[in-house]
Structures are given as C-alpha cells and as structure tokens.
Amino acid sequence: MSALHFPFVFFTFTEPRTYGINYAYGGLIRPPYALMTMKVNRTLVKLLLIFLILGASVYIGYQLIRETKEITIPSLLQPESGVRMVMSMEGFRFAQSENGVISWTMNARNAELFENKEAQLNDVEIDFKNPNGKEATLFGDSGTMDTTNGNASIRRVSQDVRIATTDDYLLTTSSLFWKAGERLVWTPDPFKLLGIKLYLAGVGITANVDLHTVVVKDNVKAVLQE
C-alpha cells in the first residue's frame, strides 16, 4: 500500500478503482463524502431515467389520442347494432285498398317503426275482405311488416298463429307469411286445417286467405267427413 501525504489531507488507495477521501481537522475523521456523492449521483440518474420514460409514455399517448378520430366504446356499452327506430306507438293500424275498396286491415296493440320502413308488431290481427263477401282473420302474438307493400310475417310466442274464416275454417301453425299483392299465406312449419267436412294436416302449406285453395308440401294427412 502506498500513500501521498499533504498537510491536513491525505489520499489512501485501498483497492484498485476504489478510493476514499478523509479529511482531518484537529484529529477528527469525517465520513467518506466521495462515496456518498457517487451514491447520490446514481440515484439521480435513476430518477432521471424514470422521468424520461414517463415523459415518453405520456407523449406517445397524447399523440395516439390526438390522431384518433373516433373513441371506441366497449361493445357492452354500445347501443345494439341494427336499423334505427324512428317511432314507437300504441294502437297501430294499417290498411290497403284496391280500386277504392279496402281489401284488408291490420291492427296491433303496439308497434315500433324503423327507418327501413319495417314495423315490429305485438298482438297482431289482420282482417281480410273477399269479393264473395266471405271474410277471414289472422291472429298472431308477434309480427313484422314491410310498410311499403304490406307483406308480413307473423310468429307464435305463447299461442299458435291462426286464421279463422266466416265459413268455419281454422288454420293453426307456428308461423305464417303473408304476401299482400297475391293475397296468399304460407308456412314451412307443421300445420292443421279444420273445417266442417275436412281435417287436413301436414308440413308446409300455401293457401289463399279464404282457405278454399291450398297446396300442401309434405306429410299430408286428410280426413273427409260426410
């Protein structure tokens, strides 16, 4: 070990690359301030690095927000996708006429009207007027109608969809589609048709609204009564 002596100050080389500075004043030895300074400097460097990282993160986040034109709302908070509803009403009524004479009318307990001209209906009743004076009425729990042409689909919720005529025919099924321009109803579902002298069952039926002309698709069962 080697030492260099100066008045009141001496440097001591204890290990390679490590040094200490001791100050002596009147025989009192003070703490190693050089080592303390190095530790403080290292702490400052770490703090500066942390602030630089935080600053960079904040800046990048700001740039992303500034350049984003639309903030995306989580899907659970977004309104349900689809066509916008424009009106909701109680006591919906719709009618169609031919040559100035009403051919059918639709009534529903309530309705929601959408911008695509579609109406969602509850407790539906459609009254059909026939040239021969005979009438038929369709009943359904729920339905959808295109208000531009009158075509509709009626569905079962708690009760079967039904068509009852004034000459005692009754058709029951789970769903019915109504094509207003041709005055036809049809369903791909199982059905039953009961009349005074007829019992008819099957899967899939197309018929005019007075139920006097029918076409059955599959699994036909018919019983004629005298």
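Just so it is clear, none of the values below were taken in a lab; they were calculated from the coordinates. Everything numeric in this text was worked out from a predicted model, so none of it was measured. Positions of Cβ are backbone-derived with ideal geometry, glycine not excepted, and every protein chain shown enters the neighbour counts.
Assuming a ≥ b ≥ c are the square roots of the Cα gyration tensor eigenvalues, decide whether segment 177-226 counts as rounded (a/c under 1.5), prolate (otherwise, with a/b larger than b/c) or oblate.
oblate
Could you compute the net charge surrounding SER142? Neighbours are other residues with a C-beta less than 13 Å from the C-beta of SER142; K and R count +1, D and E count -1.
-2
Total Lys pairs in segment 85-224 closer than 20 Å by alpha-carbon, pairs eight or more apart in sequence or interchain only?
Value for segment 85-224: 8.
Under 17 Å from a label point 7 Å along Cα→Cβ of THR166: give me every residue in segment 190-223 with its amide N that close.
Backbone N within reach: 209-212.
What FRET efficiency comes out for the pair VAL86/LYS134, r = Cβ-Cβ distance, R0 = 35 Å, nearest 0.05?
0.40
Which value, in debye to the nearest 20, describes the size of the charge dipole of segment 123-226 about its Cα centre when Lys and Arg Cβ atoms bear +1, Asp and Glu Cβ atoms bear -1, and nothing else is charged?
Taking the Cα centre of segment 123-226 as origin, the dipole is about 240 debye.
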